[in-house]
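Q: The structure under discussion is supplied below as structure tokens; questions concerning it will follow.
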Amino acid sequence: MPNLITTRRGLLRTSAAAGLTLSAPSIVRAQGTWPSKQITMVVNFPAGGLTDGIARAFSQHVSQATGQQVVVDNKPGASGNIGAAMVARAPADGHTFLHSVSSTLIQNRVMFKTLGFDPDKDFTIVSGTPSGVLPVVVHKSVPVTNLKDFIGYARTNKVNFGSWALGSSAHIFAQALNEKYGLKIEIVTYKGEAPMWQDMGAGSLQAAMGSPQAMNALLVKGEIRGIAAPSKVRAVQLPDVPTSREQGFDDDSFTVSGWLALAAPAATPKDIVKKMSDLWFAAADSEPGRKMMQSFGLVEKPLQHEEVMVDYERLKSTLIPRIVALGLKPE
């Protein structure tokens with residue numbers, strides 16, 4: 001059973017983007033005095049994408065389990081740096097968390113001259129929800145059905161490739177195509193998935209990569225088609241789209257991995273980190289969590305605190321050199 005990542009101004013300025021307050025009767029109070037007040041969950045991307053959706057669904061479980069309100073506060077900007085910096089400066093009392101993508105804490109340190117925070121010193125990662133398969137798709141006007149033909153098309157045609165954030169997996173994938181095949185794909189960076197897919201539907205992007213659920217409306221309408229799953233397995237929602245490796249692209253640049261990071265200010269007490277990690281893990285099996293994960297085709301449960309900290313070091317050791325090797329200059 002399936003269990004358990006999104007810039008342009010003016011889009012999604014709705015009440016959802018302003019934040020969602022979740023409250024419910026206390027079902028299972030967390031032991032001790034935490035939480036003693038409302039919890040703020042800062043999502044550093046707009047409403048409408050995977051990062052926001054999981055934060056909202058899982059926060060319902062946290063609210064129900066603790067009896068405290070959870071306010072989801074979207075603070076997009078600077079490829080996630082604005083929201084992350086806010087949480088880095090927040091009191092380390094277990095009442096403010098960041099829900100982000102792993103690229104905010106890993107890739108951004110290479111992509112930006114200054115972040116406004118130190119990923120390693122200012123945060124502890126509470127949990128990491130594997131973000132699943134993020135398919136590569138093309139607009140219906142692009143006459144290709146696989147990655148090899150897409151490369152051929154990009155040699156002789158202008159291609160704008162959507163990335164939900166600077167230094168994201170989509171950015172790395174498209175830049176790798178440029179570097180390895182001598183292409184001139186234009187990588188267009190957004191403040192999240194929602195505005196990216198809006199532009200894809202309008203035809204201003206020829207290709208993009210992201211979560212199946214966020215792109216689903218365009219798939220249903222036939223506005224886009226999948227050409228590759230840059231992962232070890234095929235996407236549940238697009239079972240007929242082969243992985244990059246199945247298509248002969250064995251370079252690690254074309255097989256991406258990552259997770260949605262639930263993080264807290266570094267000095268947050270260890271017992272609170274452990275309690276929140278347990279709550280987030282359990283949220284994947286709650287009704288709203290399970291439904292959200294199924295809708296995004298996520299099949300792996302969240303990594304708990306100790307597991308995600310180990311994987312954090314692994315990702316840093318593999319992704320940071322990869323970005324540096326691609327020659328991306330920090331902004």
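The values are calculated or read from the model by the stated rules, or taken from the named source; none is laboratory data. Predicted, not measured: the structure shown is a model, and the values here were computed from it. We place every Cβ from the backbone using ideal geometry, glycine too, and count neighbours over all the protein chains shown. Ligands, DNA and RNA are excluded from the accessible area calculation, which covers all protein heavy atoms including side chains. Shrake-Rupley method; radii C 1.70, N 1.55, O 1.52, S 1.80 Å.
Q: Would you mind stating whether Ser26 is assigned to a loop (DSSP other than H, G, I, E, B), open to solvent by 60 Å² or more (accessible area, probe 1.4 Å) and modelled with pLDDT of 95 or more?
A: no
Quick grid of which residues meet (1) assigned to a helix (DSSP H, G or I); (2) under 30 Å from Ala263 (Cβ atoms):
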| position | (1), (2) |
| --- | --- |
| Val138 | no, no |
| Val144 | no, no |
| Ala154 | yes, no |
| Gly162 | no, yes |
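Q: Select from segment 99-133 the residues that are at pLDDT 95 or above and out of contact with any helix residue (DSSP H, G or I) (no Cβ under 7 Å at 6 or more places or on another chain) and write down the one among them that is most open to solvent (accessible area, probe 1.4 Å).
A: Looking at the filtered set, the residue picked out is Lys121.
Q: Right, something else. If you go through segment 49-93, how many residues are on the phi > 0 side of the Ramachandran plot, in a loop (DSSP other than H, G, I, E, B) and open to solvent by 10 Å² or more (accessible area, probe 1.4 Å)?
A: Result for segment 49-93: 1.
Q: Further, regarding this structure: Restricting the search to segment 275-293, which residues are outside any loop (DSSP other than H, G, I, E, B), farther than 25 Å from Ala85 by Cβ and of a type in the set (Gly, Ala, Ser)?
A: Passing the criteria: Ala282, Ala283, Gly289.
Q: Something else now. Which members of segment 240-260 meet the condition of being among the polar types (S, T, N, Q) and surrounded by fewer than 22 Cβ atoms within 10 Å (Cβ to Cβ)?
A: Hits for segment 240-260 are Thr243, Gln247, Ser253, Thr255, Ser257.
Q: Go through (1) closer than 24 Å to Ile106 by Cα; (2) more than 17 Å from the chain's Cα centre (by Cα) one by one and return the number of the condition Ser257 breaks.
A: Condition not satisfied by Ser257: (2).
Q: While we're looking at this one, here's another question. Check Gly210, Gly182 and return the single one that is in contact with an Asp or Glu (Cβ under 8 Å, 6 or more places away or on another chain) and farther than 18 Å from Val324 by Cβ.
A: Gly210 is the lone residue from the list that is in contact with an Asp or Glu (Cβ under 8 Å, 6 or more places away or on another chain) and farther than 18 Å from Val324 by Cβ.
Q: What residue, among those in segment 175-186 that are open to solvent by less than 60 Å² (accessible area, probe 1.4 Å) and farther than 14 Å from Asn157 by Cα, is farthest from the chain's Cα centre (by Cα)?
A: Leu177
Q: If you don't mind, there's one more thing I want to ask. Can you name the residue in segment 261-320 that is among the small types (Gly, Ala, Ser) and in contact with a strand residue (DSSP E or B) (Cβ under 8 Å, 6 or more places away or on another chain) and is also most open to solvent (accessible area, probe 1.4 Å) among such residues? Lay out the reasoning, then the answer.
A: Start the filter on segment 261-320 by keeping residues that are among the small types (Gly, Ala, Ser), which leaves 261, 263-264, 266-267, 277, 282-284, 286, 289, 295, 297, 317.
Filter once more, so that each one left must be in contact with a strand residue (DSSP E or B) (Cβ under 8 Å, 6 or more places away or on another chain): 261, 263-264, 266, 277, 284.
Values: Ala261: 1, Ala263: 0, Ala264: 0, Ala266: 45, Ser277: 2, Ala284: 0 Å².
The qualifying residue most open to solvent (accessible area, probe 1.4 Å) is Ala266.
Q: OK, next. Limited to segment 74-98, what total is found for residues that are touching a Ser or Thr at 6+ places or on another chain (Cβ under 6 Å) and within 23 Å of Ser295 (Cβ to Cβ)?
A: Counting residues in segment 74-98 that are touching a Ser or Thr at 6+ places or on another chain (Cβ under 6 Å) and within 23 Å of Ser295 (Cβ to Cβ) gives 1.
Q: Taking Thr96 as the residue in question, decide whether it is open to solvent by 10 Å² or more (accessible area, probe 1.4 Å) and under 14 Å from Ala263 (Cα atoms).
A: yes
Q: Right, something else. As an exercise: evaluate Lys158 against (1) surrounded by fewer than 23 Cβ atoms within 10 Å (Cβ to Cβ); (2) assigned to a helix (DSSP H, G or I) and give the number of the one condition it does not meet.
A: (2)
Q: Out of Ala57, Ala85, Ala17, which single residue is among the small types (Gly, Ala, Ser), under 20 Å from the mean Cα position of the chain (by Cα) and modelled with pLDDT under 95? Please lay out each step first, then the result.
A: Numbers: Ala57 fails: modelled with pLDDT under 95; Ala85 fails: modelled with pLDDT under 95.
Only one candidate passes the filter, namely Ala17.
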